[in-house]
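To start, the structure under review is shown below, and the notes come after it.
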């Protein structure tokens, strides 16, 4: 029977590595791996009988069963030869190919005793790969080893033992081909990292689906950070489905991904079956009260989650009641961030009641939630009873003097709190004096740091603070000291406050770049709606390179968003600009008046 031209009519599916090419009248021992190599690398000549191909994705394998081997990663195909011997075949060849990425292909001499037992031959080859495990691991340590063309499909001809891939790279390439998405080289390079951080790569739903299965099989990654990839609910669903049975990932960050209801439901379902993940960050995902109910159901029964971050969402009063119940019952949650939500006064009261009954929470962040007087008073009452909270963030909450007094009063007996932030609240210097006195009264206080940015203090406060520092370790950051005038009255040093004001920084930047504020606003307003969300505003500030701290941005947003709808429109920006210019004119008038009074007083003192 005529010998067939191997490489043209033999397929690649179901190929068996390690079998000889026979093809003389039958295909009982055909080596389709050889055919695969021919087709893959456009080899014009056929592979001779007995040629044995040993191939492993991006790696070279070897064993004591090999008579010789060669590894080449550049040049081009130089020769393929073989020779047969009685009772078996010994074939030898080497393959060199010029191609970006430097694939490593091995065609080597391997003993073949012509056993008819196909299962035994498969087992022998599997053992060969298993013996080289340590070497394979060393070849993957170099991040540059992943700079290669991402087009292989090992599963077409590798047996189960060779298919094992602790990073899941091969599965990723296969998924990309199925979904029609372009493989991301960053994923290939970093999927073996202990902390896999892949922010703002524009994965989208399909990209998230492509990386899901590899992450499911991955045994190296312990932290996944996919912030800003817009994976949406669909992508989140596939990712959570893959992580449900993963026993290695302990921290999941999905900030700014627009996962919505579908994604939140997928996350909660996954966490109800996963006992490994202890830290979850879903900030900036437009989560509403319906999603708040999902977290209520999860955390009332989950004793694994230690850290939950839900800042920059749209949780309101109804969700606050859910979290009141969570804090009252859950004793394992250690850190909770609910900053920049819509709780307002009633919601703040619910949260405070939960804090009062809680016994495990260590850190609570509630910045920018509109506490007001009643919310602050409720929190002050909670701090008198709570015995676990050590970190409390309450800045930008419209807390007036009376609300601040309620919190300060609780500090006279609280012995647990170590950090307190009341910055950018309308608190006067007199109330700050009371804060310092409460610390002097409570000798068992553990407060080590107090943040009061944007809040001015008196010179008396400054002097007493220095005395307190000599007695104990404490740091207080404030917005400046009230200036003492000649008349003996205390007035705010308005000029200093003006130069530190974030609106001044914004105006100065626009002036330096020869922009109008409207031009700067248009850069922030990507959809030309003449309105930007708080997050769009924040990203615009950072992208423009304006030197402004996060606290400054928060203060500016609080001032510009006059109606509190979570967006700054063009009219609000113009009004804020106009008010700030008026503020500057008032400063100049005050300064001129003081200089005039000073001159008059000098003239009177000079009179006989």
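No lab work stands behind these numbers, since they all come straight from the coordinates. Bear in mind that the values here come from a model prediction, so they are computed numbers and not experimental data. Cβ: placed from backbone, ideal geometry, glycine included. Neighbour counts: every protein chain shown.
Things worth noting here:
- For region 166-286, projected area of the alpha-carbon convex hull averaged over all directions, nm²: 6.1
- Computed packing ranks the peptides 545-558, 212-225 as 212-225, 545-558, most packed first, by mean other Cβ atoms within 10 Å.
- Using a simple spin-label model with pseudo-atoms 7 Å out from Cα toward Cβ, residue 177 and residue 387 lie 6.3 nm apart.
- Estimated FRET transfer efficiency (residue 195, residue 592; beta-carbon r; R0 41 Å; 0.05): 0.10
- FRET efficiency for the pair residue 328 and residue 511, taken as 1/(1 + (r/R0)^6) with r the Cβ-Cβ distance and R0 = 41 Å, rounds to 0.20.
- Annotation: peptides 522-530, 197-205, 391-399, ranked by per-residue average of other Cβ atoms within 10 Å with the highest first, follow the order 391-399, 197-205, 522-530.
- In this rough spin-label picture, where each label sits 7 Å from Cα along the Cβ direction, the residue 477-residue 314 distance is 3.2 nm.
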